[in-house]
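Working notes, beginning with the structure itself.
The numbers here are math on the coordinates, done by the rules we state, and not lab data. Worth saying up front: this structure is predicted, and the values here are computed from it rather than measured. Note that each Cβ is placed from the backbone with ideal geometry, even for glycine, and that neighbours are counted across all protein chains shown.
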Amino acid sequence: MPGIYLHIPFCRKACTYCDFHFSTSQKQREAMLGAMHRELSQRATEVQGSVDTIYFGGGTPSLLAPAEISAFLEQCRSLFHVAANAEVTLESNPDDISPERLAAWKELGITRLSLGTQSFREERLQWMGRAHNAEQALRSIDLIAKAGFTSWTIDLIYGLPEMSLAEWDEQLTIALDNGMPHLSAYCLTVEPRTALAHQVVKRMVNMPGDDAQSAQFDRLMERMEAAGLVHYEISNFGLPGHFSRHNTSYWQGVPYLGIGPSAHSFNGSERRWNLAHNARYIASISADQPYWEHEKLTPAQRTNELLLTGLRTIAGVRIDQLELDALTQNRKAAEQHMQRGHLLVTDGRLVLSKAGRHFADHIAADLFVTDDRRDQP
Ligand code: SF4
């Protein structure tokens, strides 16, 4: 059990595209943090072995005061053996970055910052409904470097309406010129029940076509490769030594414990997910009522999860790790993807070619297996 994930379900503003679990009201902040501490204590016995990574995600964990972050870290250190070189990540928004906060986070043992930059353009940030502005986006990077953080990453979004290749190039240039050692780049997707989905339905926003988004993904890969950042997961690029250890474990199917509303956990055979509702999560924990659902994964589900997450990574999927024979069950589809040069078998692993990375989820879905169908000759 190397990873602990803490979901802090509060944000200053609701970004138009976001479907994560969060509330813009912090009225229940104290009760929420208390409930999360209680969950952590109650589930301590689920953690086997030393903890290698702790990840504060959300929501916006940088809204927490340093003392609140410290309380979680202290609790983790008292309940578990936290490795001396553990990676401790804090997702932070640029408007929460100040020299004082950075110094406090460093003192607490935060080793990695994940910055929700999204864009360096003012009009884009406003369109997304972000709480920060373009000046804060740039300044936060400068302050992080000055505070002595060597491991940090920024999030950027491409595939925006009417985004040109020149605009995307400009965004990447700004990030690289500022010494970015790691980038998470996400293509804008329209998630149901978001403000963006409403705007698209009302024709207030025209989403770009697949060709434009695909061209931006190609440009992203070219620029990162030229800058020496390794494309180690479909949306993630890092200089050697700067890959996210927490997320890499997750993509490799290593167990982790998720604390807080909506947080997911995985123990190697069972998946569990907490209520995605702040008030109900708090009330259930206080009343000692269940606040989660869970399911034991079947061999097909375990195989399909490995395919879905593993094919997105540079390491691919070890064929002998798959419990069911995905290549035999889906011989025709596998051969087609191989003939197109999108899917490769290398050293006993299934990996995607550069061209295949455009279709990672589609290829994984084509290889999905079912439990009730025995391997066919
Ligand atoms: S700050 Fe992050 S979690 Fe909060 S609404 Fe925006 S994208 Fe979603």
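Which of rounded, prolate, oblate describes the range 177-294, given a ≥ b ≥ c as roots of the alpha-carbon gyration tensor eigenvalues and a/c under 1.5 marking rounded, otherwise prolate only if a/b is larger than b/c? Display every interim value, and only then the final one.
Values: a/c = 2.87, a/b = 1.36, b/c = 2.10.
Oblate, because a/c is 1.5 or more while a/b does not exceed b/c.
Quick one: grab the alpha carbon gyration tensor of the range 45-142, order the square roots of its eigenvalues as a ≥ b ≥ c, and give me rounded if a/c is under 1.5, else prolate or oblate depending on whether a/b is larger than b/c. Don't jump to the answer; show the numbers that get you there.
On the way: a/c = 2.71, a/b = 2.22, b/c = 1.22.
Cα axes put the range 45-142 in the prolate bin.
When we measure straight from the Cα of K354, which aspartates and glutamates land under 20 angstrom away, once same-chain ones fewer than 8 places off are left out?
Partners found: D169, D210, D211, D218, E222, E225, E233, E335, D366.
Using modelled amide H (1.01 Å from N, peptide plane; none on Pro or chain starts), what sits under 5 Å from the amide H of I314, excluding residues fewer than 5 places away?
E233
What helices does the chain have that are whole DSSP H segments, at least 15 Å long along their own axis by Cα, and with mean Kyte-Doolittle hydropathy of -0.5 or more?
66-79, 134-146, 165-177, 299-310
Mind running the shape call on the range 235-321? Use the C-alpha gyration tensor, a ≥ b ≥ c as the square roots of the eigenvalues: rounded below 1.5 for a/c, prolate if a/b tops b/c, oblate otherwise.
Numbers: a/c = 3.33, a/b = 1.69, b/c = 1.97.
The shape class here is oblate.
Might you list the cysteines of the chain that have no disulfide-compatible partner by the rule of another cysteine's Cβ under 4.7 Å?
So, C11, C76, C187.
Taking Cα pairs under 8 Å and at least six residues apart, what relative contact order does the chain come out at, in percent? Please report the intermediate quantities before stating the final value.
Numbers: 651 pairs, mean separation 60.3, N = 377.
Relative contact order of the chain: 16 percent.
May I ask you to evaluate 6.51 cos²θ - 1.76 cosθ + 1.60, the Karplus curve with θ = phi - 60°, for each residue of the range 230-245 and list the ³J(HN,Hα) values in order in whole Hz, giving x for glycine and proline?
So the J values, rounded to whole Hz, are 7, 7, 8, 8, 3, 9, 10, 9, x, 5, x, x, 10, 5, 6, 6.
Based only on other Cβ atoms within 10 Å, what is the fewest-to-most ordering of I141, I282?
Numbers: I141 24, I282 21.
So the residues, fewest neighbours to most, are I282, I141.
Which residues make up the longest stretch of the chain clear of trypsin sites (Lys or Arg not before Pro) that lie in a DSSP loop with no more than 14 other Cβ atoms within 10 Å, not counting the sites? Each step should come with its number before you reach the end.
Numbers: sites that count: K27, R193, K202, R203, R340, K354, R373, R374.
Maximal segment without exposed cleavage sites: 28-192.
Return a whole-number percent for the relative contact order of the range 28-138, with Cα pairs under 8 Å and 6 or more residues apart as the contact set. If you can, show how the numbers build up before the last one.
Details: 114 pairs, mean separation 27.8, N = 111.
It rounds to 25 percent for the range 28-138.
Given the options A287, A31, A197, which has the most mean-square fluctuation in a GNM of the chain, springs set between C-alpha atoms less than 10 angstrom apart?
A287
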